[in-house]
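The values are calculated or read from the model by the stated rules, or taken from the named source; none is laboratory data. Just so you know, these numbers come straight off a predicted model, no measurement behind them. Positions of Cβ are generated from backbone atoms using ideal geometry, with glycine treated the same way; all protein chains shown enter the neighbour counts.
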Amino acid sequence: MSRVSQPWPPVAVEPAVPHPKAPVAGTELGVHFNECFGCGDEADAGLHLRSTVGEGQVVHSRFTVTAAHQGAPGLAHGGLLACAFDEALGSAVGNLMRRPAVTGKLETDFRRPVPVGSTLFIETRLDGVAGRKIYVSADGHLDAADGPIAVSARALFIVVAFDHFSTHGDPEALEKLAAQHEKNQREREERGWEINP
Ligand SMILES: CCCCCCCC(=O)SCCNC(=O)CCNC(=O)[C@H](O)C(C)(C)COP(=O)(O)OP(=O)(O)OC[C@H]1O[C@@H](n2cnc3c(N)ncnc32)[C@H](O)[C@@H]1OP(=O)(O)O
């Protein structure tokens, strides 16, 4: 089967230079919001995706497909897999670039079925920046970091002002989240940025 792929990134870009205070290789990245469907501990049926910074401009993420993620019996739902990539790609942008950004466009190529019980190892790369536009891509390997590629994705993230979240989101929940972040002031100071809620 032939797959036609458009040039990527689709526009001229500058190199995506990680923030000087970006976490170093080997750092396990935390949950950015407990109720996040992609990574949150309190999202019972969520993906519970976990990420670690790799060498260069790479983030390694992984999540295990459960029965709660099925589309067909015993197989992951494609939309759930797209969600995992949104989270993995977003985590790379947020943590390496340290700028609040949201997904503007997300493309996925589903290459192999992903069975319940398997773990996807997602490797995300920063591909370039053009003004507020940050281009990223990822491959999801089945059951091992060097396993066969089951899903690939490419995304455009757009840098936004923090009021994107307060204007369009739930201000009460945001206040709760801010209070939670303030509990760990030292970590906040180390971050030196406003993490995506
Ligand atoms: C650590 C955190 C991990 C989090 C991971 C999860 C991330 C998410 O899921 S975020 C939630 C999903 N995304 C959203 O809800 C976003 C909804 N969309 C929006 O709010 C707006 O459309 C937004 C902010 C993306 C862009 O709006 P706005 O700020 O007005 O910018 P706008 O001028 O339209 O676009 C900026 C640039 O991006 C381009 N652009 C925007 N959308 C697209 C698109 N879909 N395709 C191609 N280009 C696009 C525009 O053409 C423009 O380019 P240029 O600068 O060259 O003119």
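Within the stretch 78-100, residues that are under 18 Å from residue 65 (Cα atoms) reach partners that are assigned to a helix (DSSP H, G or I) and more than 10 Å from the ligand (Cβ to nearest atom) with beta carbons closer than 6 Å, at six or more positions or on different chains, in the pairs 80/69. Of the residues 91, 137, the single one that is in a strand (DSSP E or B) and either within 16 Å of the ligand (Cβ to nearest atom) or not charged (D, E, K, R) (or both) is 137.
If the requirement is being at pLDDT below 95 and surrounded by fewer than 18 Cβ atoms within 10 Å (Cβ to Cβ), which of these qualifies: 7, 73, 15, 100? Can you show your working first?
Working: 73 fails: at pLDDT below 95; 15 fails: at pLDDT below 95; 100 fails: surrounded by fewer than 18 Cβ atoms within 10 Å (Cβ to Cβ).
The unique qualifying residue is 7.
Taking the stretch 30-53 as the search range and keeping residues that are among the polar types (S, T, N, Q) and within 25 Å of residue 125 (Cβ to Cβ), which one is nearest to the ligand (Cβ to nearest atom)? Even if it seems obvious, please write down each step before you answer.
Residues of the stretch 30-53 among the polar types (S, T, N, Q): 34, 51-52.
Now drop any that are not within 25 Å of residue 125 (Cβ to Cβ), which leaves 51-52.
Details: 51: 9, 52: 14 Å.
Per the stated criteria, the residue is 51.
Scan the stretch 94-134 for residues that are near the ligand (Cβ under 9 Å from one of its atoms) and assigned to a strand (DSSP E or B) and the total you get is 8. Within the option set 27, 64, being away from the ligand (no atom under 14 Å from the Cβ) and surrounded by fewer than 20 Cβ atoms within 10 Å (Cβ to Cβ) holds for one residue only, 64. Within the stretch 54-76, residues that are more than 17 Å from residue 145 (Cα to Cα) sit with their Cβ atoms under 9 Å from residues that are among the aromatic types (Phe, Trp, Tyr), at 6+ positions apart or across chains, in these pairs: 69/63.
Restricting attention to the stretch 49-66, the residues that are part of a loop (DSSP other than H, G, I, E, B) and either within 14 Å of the chain's Cα centre (by Cα) or over 13 Å from residue 143 (Cα atoms) (or both) add up to 6.
Hey, can you tell me all the residues within the stretch 1-47 that are closer than 26 Å to residue 107 by Cβ and in contact with a strand residue (DSSP E or B) (Cβ under 6 Å, 6 or more places away or on another chain)? Residues satisfying the conditions are 8, 9, 11, 13, 14, 16, 29, 47. Away from the ligand (no atom under 12 Å from the Cβ), at pLDDT 95 or above and out of contact with any Leu (no Cβ under 7 Å at 6 or more places or on another chain): which single residue out of 146, 170 fits that description? Result of the check over 146, 170: 146.
All conditions in (1) part of a helix (DSSP H, G or I); (2) crowded, with 20+ Cβ neighbours inside 10 Å hold for residue 39, with the sole exception of (1).
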